[in-house]
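Take a look at the structure below.
The values are calculated or read from the model by the stated rules, or taken from the named source; none is laboratory data. For clarity, every value in this text was computed on a predicted model and none was experimentally measured. Methodologically, a virtual Cβ is constructed for each residue, glycine included, from the backbone with ideal geometry; neighbour enumeration extends over all protein chains shown.
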Amino acid sequence: MAQTDNNTLAVPSSDDKYVTVFNDPVNFNAKHPLHNSWTLWFDNPGKKSNSNNWEQSLKELITFDTVEDFWGVYNNVMKTCDLSISSNYHLFKQGIKPMWEDAANKRGGKWSIQLPRNKTMAEIDNIWLFTMLACIGEAFEYENEVCGAVVSVRKGFFRISLWTRSSDNQEMAMSIGRTLKKNSGIEGVMEFQSHHESTKTGGKAWTV
């Protein structure tokens, strides 16, 4: 793709030469498309949050569909460990809102792990980065099951979650959990619960 006057990327003619970011990180004219478009969201409803003001605090930041645009976003937003308490980043496939009520999520569940603050900040940031890369890189055997991922900043811990479309197929859920744990470098036990069960004390869960 060639650069045009209005800074958009166009398909190059037969006389043009493809230049990728790996060859020239400044003057590249070709991008690597992702299989899906992804939207990054942010919210920080504060301590007195409820279902009404939480949705009001949810902000859609940007949607991207290439490898280069992902890195452009990642390198220009605040790192997870620098966010204030109660903040959340949500990375979801375009068209899926990061809320249980969305049609893609309402029958689903999530893999989650809480990471104590005594881990180094670099570890937290890297686990979140590798979680995002697993999502946008289609690393999962059941990729259509993956809706998105969330990182939450809390007073005593960080929590990383991966949301799925369904919650009744243990084989699929376990496959996704094992892949996430391996690709993200997560240590410790991860837990899967349906969104419905996660609202109950002692609700059933699978672990990996």
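So the values come out like this:
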quantity	calculated
Cβ pairs under 6 Å, 6+ apart, first in the stretch 70-88 and assigned by TED's automatic domain parsing to the domain that holds Leu129, second part of a loop (DSSP other than H, G, I, E, B)	Ile85/Lys155; Ser86/Asn44; Ser86/Gly46; Ser87/Asn44
Scan of the stretch 70-111 for residues that are in a strand (DSSP E or B) and of a type in the set (Gly, Ala, Ser), ordered by number	Gly109
Per-region count, the stretch 112-123, residues in contact (Cβ under 8 Å) with a residue 40 or more places away in the chain and in a loop (DSSP other than H, G, I, E, B)	1
